[in-house]
Structure formats: C-alpha cells, structure tokens
C-alpha cells in the first residue's frame, strides 16, 4: 500500500477548516446570531489565505486542493454571505431581496470557475475582478456599522446591502485588473513599513476590532472603486483614439 506523508495533507486540512467555518456561518445566520455568522466568514477568509500560502511553501499544490479550495470559497464567500444578508436585511425588500442574494451567489460561482480555468493556463500576476473573500467583506459592511452602533446612514441597511451586493458581485465577474498580494514584492524599506503597518493594524484589531474591520473594508471598497474608474478611463481612451 502506497504511503503518503502527512505534511502533504496540511493545506487541504486548512481548506477544510475554512469550509467548516463557512458552513457554521450558515448555521448561525439561520439562528439569527449575526455576530458569530460574520466572525465565521472572517475566520474562513483567514484560513483561505493561509491554505494557499502553506501549499506554496510546502510545494504541495495539487489539482485536488485547487478544486476543494474553490468549493470551500463558494460556500464560505458566496453562499454564506448572500444568505446572511438576505436573512438579516434584504428580506425586507421581498422577492427583489432574494434576487440580490441569488445574483451574488451566482457571481461568486462564475468568478471561481473563471479563476480555475485561467489558472490552468498560467499563473497571472493580477486578479481580474475582486476575489470572493474581499467581496464577502464588502457586502458585510452594514454589519460592521451595526456592531459599532453607527446609525447616521442616509439610507436604510437593506438598500445599502443591495447596492453593495450588486457592486461586489459585478466586480467579482468583471475584467477590472486587481493586484494579487502574493505577487507583490517590496524593497527592504517598504517591507519594514509594511511590517510596522501590520503590527499597528493588529493592535487596533485587538483594541477596536469592529471599527478597524470597518475601516479596512471601506479602504478596500475605495480601492475597488478606484480600480474601476481607472479601468473605464483606459477603455475610454482606447475608444476615443
């Protein structure tokens, strides 16, 4: 009987932990425990980041791991967030609210399928469209606001959720180039600044968790909007030449 080293299963175990966190988020959403539901999606994102990193460091990447990762991502960052948003906010919009949730789920599936196909061809330095964990982080912004008891929004949470779902879903399947963190290389001085920034961020996460998460989500949302404008500007320049 052929033997396999245990170390080769570590990336897949981390992926399964991400999958378990995503399924747990669905359970807590059904129970209307919004804080735990959001935390489980965030925990899934944490595991999702490290499974690929560990696989690359151990040189244990495989097609099985890639397929398992896609299934985990679809459940944790496609199905779980859309169900969470619908059960908490967009159900107030009736059938339209359910359509928004379906839209986000389908976009997540299409984004992951396209990503797998592109990875079979070559490893690119850019994402096209925002990754599904980031999209999930964006659509959960209304929860971050509610957790810090911010009540000064000009629109209701259900309409804000609908807008964010449409934007994040559309960005997932778009062709807007987005830099990939795993391919960013920094000079020593910038690397030190990045380390200092990371330490400061961790300190704020410990002290002001939801406020810091909200700022990070808004910063990424702003970056996504900026990339979208740059993309349309370049397209406009090409058309008018």
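The values are calculated or read from the model by the stated rules, or taken from the named source; none is laboratory data. Note that the coordinates shown come from a computational prediction; the quantities given were computed from them, not determined experimentally. As a convention, Cβ positions derive from the backbone with ideal geometry for all residues, glycine included, and neighbour counts pool all protein chains shown.
Quick check, is residue 137 at pLDDT below 90, crowded, with 21+ Cβ neighbours inside 10 Å and under 16 Å from the mean Cα position of the chain (by Cα)? For residue 137, the condition - at pLDDT below 90, crowded, with 21+ Cβ neighbours inside 10 Å and under 16 Å from the mean Cα position of the chain (by Cα) - is not met. Restricting attention to the stretch 143-160, does a residue exist that is surrounded by 18 or more Cβ atoms within 10 Å (Cβ to Cβ), modelled with pLDDT of 95 or more and not in a helix (DSSP H, G or I)? So far as the stretch 143-160 goes, no, none of its residues is surrounded by 18 or more Cβ atoms within 10 Å (Cβ to Cβ), modelled with pLDDT of 95 or more and not in a helix (DSSP H, G or I).
Among the residues in the stretch 88-104, are any buried (at least 16 other Cβ atoms within 10 Å of the Cβ), under 21 Å from residue 48 (Cα atoms) and modelled with pLDDT of 95 or more? Yes - at least one qualifying residue is present in the stretch 88-104. Which members of the stretch 16-59 meet the condition of being surrounded by fewer than 21 Cβ atoms within 10 Å (Cβ to Cβ), at pLDDT below 90 and part of a helix (DSSP H, G or I)? Once the filter is applied, which keeps residues that are surrounded by fewer than 21 Cβ atoms within 10 Å (Cβ to Cβ), at pLDDT below 90 and part of a helix (DSSP H, G or I), the stretch 16-59 yields 49, 50, 52, 53, 54, 56, 57, 58.
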